[in-house]
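The values are calculated or read from the model by the stated rules, or taken from the named source; none is laboratory data. All values reported here derive from a predicted model rather than from experimental measurement. Glycine gets a Cβ as well: all are built from the backbone with ideal geometry, and neighbour counts include every protein chain shown.
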Amino acid sequence: MQELFINLIFPHYCCACGKIGTLLCNRCRYHIVNDGYGACVICRLPVQSSEALCKSCRVPYSRAWCVAAHEGAVRRLISDLKFERVKAVGQVLGSLLADSMPELPSGVTVVPVPTVAQHIRQRGYDHCALIARTFAKDKGVNYAEILSRQTSTTQRGAGRRDRLTQAKRAFAVKHAVSGVVILVDDVFTTGATLRYAAEKAREAGASDVWIAIISREPLD
């Protein structure tokens with residue numbers, strides 16, 4: 001109720017075109033979804049399918065989707081969600097992710113990549129969980145938090161080697177799962193976080209792991 005009241009006094013503007021009344025208008029949403037990412041998230045070489053994983057890259061997940069490169073409206077939305085406490089962006093990004101992907105089998109389980117506890121306290125919410133819940137709801141599939149965050153280290157500003165070291169010990173299994181797991185994260189940089197989260201999801205019992213991310217940002 002409080003958030004609704006604030007929006008009436010200080011309405012949102014589309015982060016792409018500035019249209020009043022929404023964080024991302026339908027026209028700008030259409031262009032983002034229609035343009036797609038069009039490359040492998042690992043090697044960044046072009047791919048022919050709608051997925052973001054080529055057949056040459058070897059990772060502990062078999063399928064991947066990415067909404068867009070980490071730039072423009074998508075970058076602003078993620079920044080607002082993570083650093084400006086615009087909680088409503090979580091639903092916008094979750095819905096955008098759902099629109100960017102094909103229909104899913106009914107048996108899959110959507111799992112957010114766990115956020116550092118300190119960041120959850122600072123923001124008042126887990127931004128990845130917000131995205132993943134909306135995504136799962138829009139797709140009509142299960143949602144579960146099967147992983148926990150074991151460390152408090154953050155990867156923002158860290159180099160490739162440090163990111164790999166941090167991610168390797170970042171996650172633990174909370175409870176078992178079965179069937180296909182779709183890991184949801186906001187930004188893919190080196191891929192270290194999703195690599196080790198995927199390994200833990202398999203330890204939890206997942207028969208296969210797919211990933212769905214909002215944006216791809218090169219480390220450099």
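A few notes on this one:
- Test: residue in the stretch 70-80 that is within 22 Å of THR190 (Cα to Cα), in a loop (DSSP other than H, G, I, E, B) and out of contact with any helix residue (DSSP H, G or I) (no Cβ under 7 Å at 6 or more places or on another chain): yes
- Of all residues in the stretch 47-60, those that are among the charged types (D, E, K, R) have Cβ atoms under 7 Å from Cβ atoms of residues that are at pLDDT 95 or above, 6 or more apart or on another chain, in GLU51/ARG63; GLU51/ALA64; GLU51/TRP65.
- Qualifying residue in the stretch 47-61 (condition: on the phi > 0 side of the Ramachandran plot and modelled with pLDDT of 95 or more): no
- Any hit, the stretch 60-77, residues being under 13 Å from ARG123 (Cβ atoms) and touching a strand residue (DSSP E or B) at 6+ places or on another chain (Cβ under 6 Å): no
- Residues in the stretch 55-74 that are farther than 27 Å from ALA16 by Cβ, within 19 Å of the chain's Cα centre (by Cα) and of a type outside the set (Phe, Trp, Tyr): VAL59, PRO60, SER62, ARG63.
- Screening the candidates ASP99, ASP126 for the property of being at pLDDT 95 or above and farther than 16 Å from VAL67 by Cα yields one hit, ASP126.
- Test result for ALA176, out of contact with any strand residue (DSSP E or B) (no Cβ under 6 Å at 6 or more places or on another chain), modelled with pLDDT of 95 or more and among the small types (Gly, Ala, Ser): yes
- Only a single criterion out of (1) over 25 Å from GLY179 (Cβ atoms); (2) without any contact (Cβ under 8 Å) to a residue 40 or more places away in the chain; (3) touching a Ser or Thr at 6+ places or on another chain (Cβ under 6 Å) is not satisfied by HIS70, namely (2).
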